[in-house]
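> Dropping the structure in here first, questions after.
Just so it is clear, none of the values below were taken in a lab; they were calculated from the coordinates. Just so we're clear, the structure is a prediction, and the values are computed from it rather than from any experiment. All Cβ positions, even for glycine, are placed from backbone atoms using ideal geometry, and neighbour counts span all protein chains on display.
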Amino acid sequence: MRIEEIVRTGHGRILATLIRLLGDFDVAEEALQEAYAAALEQWPGDGAPANPAAWLVSTARHKAIDRLRRRSRLTQMQNQIARHIELTAEEDTPVAEDRLRLIFTCCHPALATEAQVALTLRTLGGLSTEEIARAFLVPTPTMAQRLVRAKAKIRIAHIPYQVPASDALAERLEAVMLVVYLVFNEGYAASFGPHLVRHELCEQAIRLGRMLVELLPAEAEAKGLLALMLLHDSRRATRLDGSGDIVLLEDQDRSRWDRAQIDEGAALVEAALGEGGRASGQYALQAAIAALHAQAPSAGVTDWRQIAALYGLLARIHPSPVVELNRAVALAMSGEMELGLRLVEELDRGAELDGYHLLHVARAELLRRLGRHAEALQWYQNALDLVSNEAERRHLEKRRGEIAR
């Protein structure tokens, strides 16, 4: 296996194990970078080891020991740390539990929510600081400072690297689920770059979602989150054509959708909506919407009215301008095109979605469907001025060209 493939698919689980073994985020990250460098030097000539992940963990662990012992003023405590690292040699193979421990460590209530999400995306999701900054709509240096402060807080406050006891799970679960969903979103629709889909992030988020359901079998929202990711991911193979260009939902070949994922997701939706004896949460409602899309035999028979109603429920429990935008589009697609467009225009007059290119895309699409092509061209251009993903850019340029012709 090539080192690039290991970095792409296994970085999070390897780093999670190193953080457990070494007890420090920065030490683990530095040691892993040295291990990557060693692999790039050795593997081309010697060949990749039978267990590349374990090799990287072991090499990184030895690099960390060497660094501690090279320091000119090695304290007794550092000697003890180095000895402890040596004694954990039998634990070099990464285990799934390490990733779960890492999520809950990053999502400790002592950290601000923004720091919790950013740190987990950086360490477990393997996203760059720039990618996380874009997701939060903040400058890259600002996000870098947040990450530095979050790791320092964990170190200074001695935040434990463990899954919390059952009585503390609830307060940590909301942030954990948000982290998992943001990892999935970055994989499902990358913030920027040449590729729309980053498969490894989708797969990692789904694995983490399964872990949460296993750990918290009575938690409806964990089921809702897993269902939502499975239902979206079921369409992965049809979202791009052979050239890597976007295929819209209405034009996708539904016979190629993953029926096993759809069936599993739909069953989880039913379980999530039927559990707890309380109002459904945001993930369960979003999953119910995704199920309506996934189970419709064709785009023409999609139950847009029910989708709009579900977005209305979602807006009440989780108010968001993005939810309102989706509700407006659903109303338009249900036959109330003018009403949907007016709602989109009202959202555009507010400041909450400044810089959100999908608002401009929605407005352009509705104008196109209404035959107002000159106006649609302008809003497609507005979206193009904001979009950063190359696949999305090509799609919008193609759409604008079709209207212009």
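> Provide the FRET efficiency to the nearest 0.05 for the LEU40-LEU169 pair, computing r from the beta carbons and using R0 = 30 Å.
The computed FRET efficiency comes out at 0.15.
> Round to a whole angstrom and tell me the spacing of the C-alpha centers of segment 33-53 and segment 99-115.
Here the two parts' Cα centres lie 31 Å apart.
> I'd like the Karplus ³J(HN,Hα) series for segment 361-369: coefficients 6.51, -1.76, 1.60, θ = phi - 60°, whole numbers in Hz, and an x wherever there's a Gly or Pro.
Per residue, the Karplus-derived 3J(HN,Hα) values read 4, 4, 5, 5, 5, 5, 5, 4, 5 Hz.
> Then there is this: Per 0.36 nm of contour for each residue apart, how much would the distance between HIS318 and ALA296 grow if the chain were fully extended, relative to their Cα-Cα spacing?
Between HIS318 and ALA296, full extension yields an extra 5.3 nm.
> Something else now. State, as an integer percentage, the relative contact order of segment 99-248 based on alpha-carbon contacts under 8 Å between residues 6 or more apart.
21 percent
> Under a crude label model (7 Å from the Cα following the beta-carbon direction), how far is GLU397 from LEU248 in nanometres?
2.0 nm
> At 7 Å along the Cα-to-beta-carbon direction for both GLU5 and LEU386, put a label point, then send me their distance in nm to one decimal.
Each label point is offset 7 Å from its Cα along the Cβ direction, giving 4.0 nm.
> Would you look at the GNM of the chain, springs on alpha carbons closer than 10 Å, and say which of ARG349, ARG394, ARG210 moves the most?
The residue with the greatest mean-square fluctuation here is ARG349.
> Of MET333, ILE403, ALA374, whose Cα points farthest to the positive end of the dipole of segment 317-405 (charges on the beta-carbon: +1 Lys, Arg; -1 Asp, Glu; origin at the Cα centre)?
ILE403
> Return one number: the angle in degrees, 0 to 90 and rounded to the nearest 10, between the long axis of the Cα atoms of helix 373-386 and the longest principal axis of the Cα atoms of the chain.
10 degrees
> Could you pull out every one of the aspartates and glutamates with an alpha carbon less than 16 Å from that of LYS398, ignoring same-chain neighbours closer than 8 positions?
Straight-line reach from LYS398, under 16 Å: ASP241, ASP245, ASP251, GLU365, ASP385, GLU390.
> Same structure again: Compactness ratio of segment 1-73: Cα Rg over 2.2 N^0.38 Å, N = residue count?
Relative to the rule-of-thumb radius for its length, segment 1-73 sits at 1.08.
> Right, next: Rounding to the nearest 10 and keeping the result within 0 to 90°, find how far the Cα-based axis of helix 304-317 lies from the longest principal axis of the chain.
Taking Cα atoms only, the helix is inclined about 50 degrees.
> Would you work out which of ALA364, ALA35, ALA315 lies farthest towards the positive end of the dipole of the chain, given +1 charges on the beta-carbon of Lys and Arg and -1 on that of Asp and Glu, about the Cα centre?
Checking the options against the dipole of the chain, the answer is ALA35.
> Among LYS223, LYS398, which comes first, then next, by fewest other beta-carbon atoms within 10 Å?
Starting with the residue having the fewest Cβ neighbours, the order is LYS398, LYS223.
> Here is a follow-up. Taking 0.36 nm per residue of separation and subtracting the Cα-Cα distance, what length does fully extending ALA152 through GLU114 add?
12.2 nm
> Now a separate question. Given 0.36 nm per residue, what is the gain on full extension from ALA351 to ARG259 after removing their alpha carbon distance, in nm?
Separation in residues times 0.36 nm, less the Cα-Cα distance, equals 29.1 nm.
> With θ set to phi - 60° and the Karplus curve 6.51 cos²θ - 1.76 cosθ + 1.60, what are the ³J(HN,Hα) couplings of segment 262-274 in order, to the nearest whole Hz, using x for Gly and Pro?
5, 5, 5, x, 5, 5, 5, 4, 4, 5, 5, 6, x
> Okay, next question. Based on other C-beta atoms within 10 Å, arrange TRP379, TRP43 from fewest to most.
Least crowded to most crowded, the residues run TRP43, TRP379.
> Hey, can you grab everything whose amide H is under 5 Å from the amide H of LEU240? Only 5+ residues off in sequence or another chain; H modelled, so Pro and N-termini drop out.
Amide H to amide H, under 5 Å and 5 or more residues apart or across chains, LEU240 pairs with VAL247.
> Give me a comma-separated list of calculated 3J(HN,Hα) values for segment 15-30, in order, Karplus coefficients 6.51, -1.76, 1.60 applied at θ = phi - 60°, integers in Hz, x for any Gly or Pro.
So the Karplus estimates, Gly and Pro as x, are 5, 4, 5, 5, 5, 5, 6, 9, x, 8, 4, 5, 4, 5, 5, 5 Hz.
> For the chain, find the longest principal axis of its Cα atoms and tell me its angle to the long axis of helix 140-156, 0 to 90°, nearest 10.
It is inclined by approximately 40 degrees.
> With a 10 Å Cβ neighbour count serving as the proxy for reagent exposure, in which order, fewest first, do THR123, THR238 appear?
Fewest to most other Cβ atoms nearby, the residues stand as THR238, THR123.
> Suppose only helical runs count, i.e. DSSP H with n ≥ 4. What mean residue ellipticity at 222 nm does that imply for the chain under -39500 (n - 2.57) per run, divided by all residues and rounded to the nearest 500 deg cm²/dmol?
Taking each H run of at least 4 residues, the total per residue is -23000 deg cm²/dmol.
> How high is the relative contact order of the chain, in percent, with contacts defined as C-alpha pairs under 8 Å that are six or more residues apart?
This gives 11 percent for the chain.
> Hey, another quick one. How high is the relative contact order of segment 257-405? Use alpha-carbon pairs under 8 Å, at least six apart in sequence, and give a whole percent.
Computed value for segment 257-405: 13 percent relative contact order.
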